[in-house]
Structure formats: structure tokens, C-alpha cells
Amino acid sequence: MALSCMRCSPGAGAVRRGLASAAPPAALSFARCGLRRAAALGWRVAAVATTGVQGAKDAGLEKAARSASQSKVENGSPSEIILDDFEDLSPLSENDDSTVSITVVGASGDLAKKKIFPALFALYYEDCLPKHFTIFGYARSKMTDAELRNMVSKTLTCRVDKRENCNEKMEEFLKRCFYHSGQYDSEEHFMDLDKKLKQHEGSRVSNRLFYLSIPPNIFLDVVKCTSKSASSGNGWTRVIVEKPFGRDSDSSSALTRGLKQYLVEDQIFRWIDHYLGKELVENLSVLRFSNLVFEPLWSRQYIRNVQLIFSEDFGTEGRGGYFDRYGIIRDIMQNHLLQILALFAMETPVSLEAEDIRNEKVKVLRSMKPLQLEDVVIGQYKSHTKGGTTYPGYTEDKTVPKDSVTPTFAAAALFINNARWDGVPFLMKAGKALHTKGAEIRVQFRHVPGNLYKRSFGTDLDTATNELVIRVQPDEAIYLKINNKIPGLGMRLDRSNLNLHYAARYSKEIPDAYERLLLDAIEGERRLFIRSDELDAAWELFTPLLKELEEKRIAPELYPYGSRGPVGAHYLAAKYNVRWGDLTTEQKA
């Protein structure tokens, strides 16, 4: 027996100080991430296989762990188990025989500079990377190690709530960063990369992670070369594939088949939706499954509709050429919003293991009613002048064809044909160049039958509807709208928010989604990554709609830059007796 944290599945991550684990030697744990109290994530006792560590050491750890936790329980504070209780156990599992090599393919691109390298530094800053690790950038651009480090250093920042030794940490991190220039389809160049990796890995067990921060049309070239010329010989090799993963069912299936020529499913980490790594999305299942007040209400009996809303207050800003090939439905709805919907609507999984959660999500996607054109509204932003400033329309972007009908806005009504959700509209809305920036989940509950106070609300009973709002970004929060009496001698009712505002409640800075998902990939935790059958089910839902839109060249409804979107979205909601929650006047949590 051994002790592991709730964040890590058995065999995926282990308490480094005194723990035998079935995971690869480079598996990480919250103990390495600087979390000094197990209360932050919770403990569980899990049986794990012992790999290269004597069973007697496991027994010693288990005995010590039980002793420490028992003393805390007897003192009435079971959640206050401090990791310092295990300090004397550190010699039991110190393992310097492995290393992790992380190669960022496409290292000179914006995504690598703005997201991947900063996320890796944040993990290093929080002591979440193993003792022995190396980071390589790989791209076609000619660059020296020093030039890469200079480029990366401009994007690194330290935690707002933890800035000690910041410059020192940056210098240490940059010393672990190297660069290799090569073509993406050259096995010879990847063999040269392999030689450099081996120089840094030495005689240790080498575990290798490749992050493909490149256009999808060269995914297969890179995977072929890494598989044949740069895979680990004695550890694991994993590949993170960013979205877009195809444009429809056929192209997605073809890409999956291509990848599986060189990799097995367990090596492929499809990062289709970084929103699954957002703190509030991760908290969604905790909110539902660990609070008795919500789980019984999570069905058609009590929920009137669910709204999944994504909005950006800027346009394509020169990236129209890329965006025009995909559009807002592929870019946001088919992955980000649909994944959140599946997580929201799934049945209780057997466990928190990745496969159990993904099994339930696939069931939701396969139960969904085919998406009809009459349940979809598309729009495209046009030029608008406000405050003396003129904002260009979508087709005024020089990288966009003048006759483009690619939607920059879409709203859709989706339905799940199962016993829990039958008849409940799930409304999605996503758009660019809107009046605000944000992402949120809104759960509107049904009206109170025979409400004794309905006269106080007049004829508009929607104003009395309870609503649960999970604001994913920005200014993360969870709040519940309730009705209450205004103090005074009269009977006047008001609508107020019971809210959990993360910035006010927690002083710790919320990690970026890329940090969480990179750490999961290193640990081998697959819960937030997409399985091939899950991806197939998502594309099967949207592909017929996309083909119909493109074959008929349906013109999108124009809406002014900075507005609330097309009027058609309001008619779509009204069709199902729903009001968009983000467009009402409300108290901000």
C-alpha cells in the first residue's frame, strides 16, 4: 500500500518523498509542486505496484502515513495533514535514474513563446518538474541556444503571490533550455536531435514528451520522424497534439489513422480543449458530485435550460487567414463548448480515473440529437465606429477573402436524448468582436410551482428564476442567484447572489490551463485529454451542419463590431422560451 493524492490516479503520480509507484520513474506528485498541506488536494490510500522499490519500504511509508494521519484525526482535524510529517521518509524513494526531455516542436511560434515556455517555467518555479529534465526547442528557424533563451526570457513571469528568488529561478530554468534547428520532415535532423537529447540524458531512463506547436498539415511528418528517429529507447514517449484536429469527421479520422501508424493510443495526448484545464471547469465535477445540494437537482426535473457562452471583445486582428479556414463553430463550439457540455451532463462515473470519466462523456455525445440548421444562427461582424474609433469588419482584414461567409458568431440549441436531460435545451453561443470578453456556464432552474410570491415579481416570472453561474474567465467565480426579502416593513423582494469569488476567497494565483495539462501529460494523466472515440462522436454531431452551411454558402447575419451579436440569436433562444443570461441586467458577483 502507498499514499497518493486525489489529483493523481494510482500509478500516475506519487508522493515523491517515500513512495513506491507503478508510474514511470518521472511521475510527479503534489509534494514536488510545493503544496505543503495535503488538505489542498486531499489524501487517499491506494494500492499501487512496486517497481524497483522494495515492498518493505512501502510498508514503512504506509505505517508512517497512517500514524501521521491518525494523530491528526484524533486531534479533530483530519484535513490538516502536513507533508512535513513525512520528511524523514525522503530516502525511501529518491530515484535519480530517470529524466524527462520535453521538446517543443515549433518553438519559434507565438504559441510556444506566449504559452508553452511560460507554463513550463511556472511548473519549474513550483517545483513540479523532476530533478532531471531538459527542454529543447525545435523549429526550422536558425537559432542558437543563447538566442532561444533570450527569446523565452522575455515571456517568463513569476507568480504574483510568490516572487522570492524569481530571477535566480529564471536563470536556472533557462540553463535547461536548448535549441535544435531542423526540417519537420527530416528523419536525419531528428536523429541529430536524438543525439543531443542522449547527451543530456546520460545513462538515465529517458522519458520524452513532444509538444506539436505546429500547423496540423505537418503533424504526421513530425510524428513519423520522432517515432523513427527520436523515440526513447528505455522509457516512455508521448506526443501532445494541439487543435485543430481535422476539419470534419473524415479528416479527423484520417489524422487519427495516420498517427496510429507510428504511435499507440496511450502515446497520443490530444489537446483539443485547453478549457478543460481551466480551474472552474475542473471544479465543475467537484461542485456537482461532492455537494448534496446540487446533485439531486441536476436533471430535467429542476433545470429549465443550460447556457454555454464564450465571447471575445476583439476580432481576428490579422489572423483572419487562419480563422477563415475553420470559423467559430470549429474553433470554439465543436471543442471547447461541447467538451464542457459533456462534462456537465455526464452521469456519475464509476471513479475519477480518466477512462471512467471519458466513457461517460462519450455516452453524452452519442446521445445527442442531430444538429439541425433551424436550431443554429450564424453571424459575421461588420465595421463599426464608436467613440471616434472605427473598428474594421471581418472581411476588411487583408488576410480574409472579401466574399467570405465564414461565421465569426454562432448560436445553437442542442438536446440530449436520455432520461436525465430529455427536452432540456442546451444553448451554445460563441463569437468574436462582441461587447465583452468571457466564458461562463449558466444553469437556469425551473419556476417554483404555485409560487406564493409571484405577485411580487409581476408577470415576468423569469426574474424569479434561480440561476447557477460558473464564470470560467475572466475574474473566476461561482454564484447562485436567489430571491430574498429586502429589509423593511413592506414585502419587497430582491434578487441577490450567493457567490464564491475566487480572487477574494483564495490568495493563491490560479494556474494557467497549459500548466495543468502539461503536468498531466508528463504524469501520464489522461483525464483532460480527448480519446479517439470521443473526438469521433464530437465531429459526427457537427460535420453534417458544417457541410450544409458550406455547400449552400449560407450568408451569416451581420452584426456591428462591439455589439451583443446578431438579433437572430435572441429569436433562437425565444423559440425555446429562454433568455440569454449574459444579456440581462444583473448584480456582478
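The values are calculated or read from the model by the stated rules, or taken from the named source; none is laboratory data. Computed from a prediction, not measured in an experiment: that's the story for all the values here. Cβ sites come from the backbone with ideal geometry, for glycine too, and all protein chains shown count toward neighbours. SASA here: full protein model, heavy atoms, side chains in, ligands and nucleic acids out. Shrake-Rupley method; radii C 1.70, N 1.55, O 1.52, S 1.80 Å.
Annotations for the structure displayed:
- Failed condition for ASP331, given (1) touching a Pro at 6+ places or on another chain (Cβ under 9 Å); (2) of a type in the set (D, E, K, R); (3) assigned to a loop (DSSP other than H, G, I, E, B): (3)
- The set of residues from the stretch 401-413 being at pLDDT 95 or above and surrounded by fewer than 23 Cβ atoms within 10 Å (Cβ to Cβ) comprises just one member, ALA413.
- The stretch 126-165, subset touching a Leu at 6+ places or on another chain (Cβ under 9 Å) and farther than 30 Å from HIS189 by Cβ, residue modelled with the lowest pLDDT: GLU126
- When residues of the stretch 107-128 are limited to those that are out of contact with any helix residue (DSSP H, G or I) (no Cβ under 6 Å at 6 or more places or on another chain) and not in a helix (DSSP H, G or I), the one surrounded by the most Cβ atoms within 10 Å (Cβ to Cβ): ALA107
- Entirely in the stretch 475-589, the helices (runs of 4 or more DSSP H) that have 2 or more residues that are in contact (Cβ under 8 Å) with a residue 60 or more places away in the chain and open to solvent by 20 Å² or more (accessible area, probe 1.4 Å): 532-552, 568-575
- Considering (1) more than 17 Å from LEU212 (Cα to Cα); (2) touching a strand residue (DSSP E or B) at 6+ places or on another chain (Cβ under 9 Å), the lone condition that CYS128 does not fulfil carries the number (2).
- The stretch 349-369 - residue that is among the small types (Gly, Ala, Ser) and open to solvent by 20 Å² or more (accessible area, probe 1.4 Å) and, of those, farthest from LEU528 (Cα to Cα): SER367
- Residues of the stretch 380-400 satisfying the condition of being open to solvent by 40 Å² or more (accessible area, probe 1.4 Å) and charged (D, E, K, R): LYS382, LYS386, GLU396, LYS398
- Pairs where the first residue, in the stretch 330-342, is farther than 12 Å from LEU284 by Cα and touching a residue at least 40 places away in the same chain (Cβ under 8 Å) and the second is outside any helix (DSSP H, G or I) and of a type in the set (Lys, Arg), C-beta under 8 Å, 6+ apart: ARG330/ARG247; ASN335/LYS243
One line per residue, one yes/no per condition, for (1) farther than 30 Å from VAL443 by Cβ; (2) of a type in the set (A, V, I, L, M, F, W, C):
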{"residue": "GLU360", "(1), (2)": "no, no"}
{"residue": "VAL364", "(1), (2)": "no, yes"}
{"residue": "VAL376", "(1), (2)": "no, yes"}
{"residue": "HIS384", "(1), (2)": "yes, no"}
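- Residue check, PHE136 within 20 Å of the chain's Cα centre (by Cα), crowded, with 20+ Cβ neighbours inside 10 Å and either assigned by TED's automatic domain parsing to the domain that holds LEU197 or in a helix (DSSP H, G or I) (or both): no
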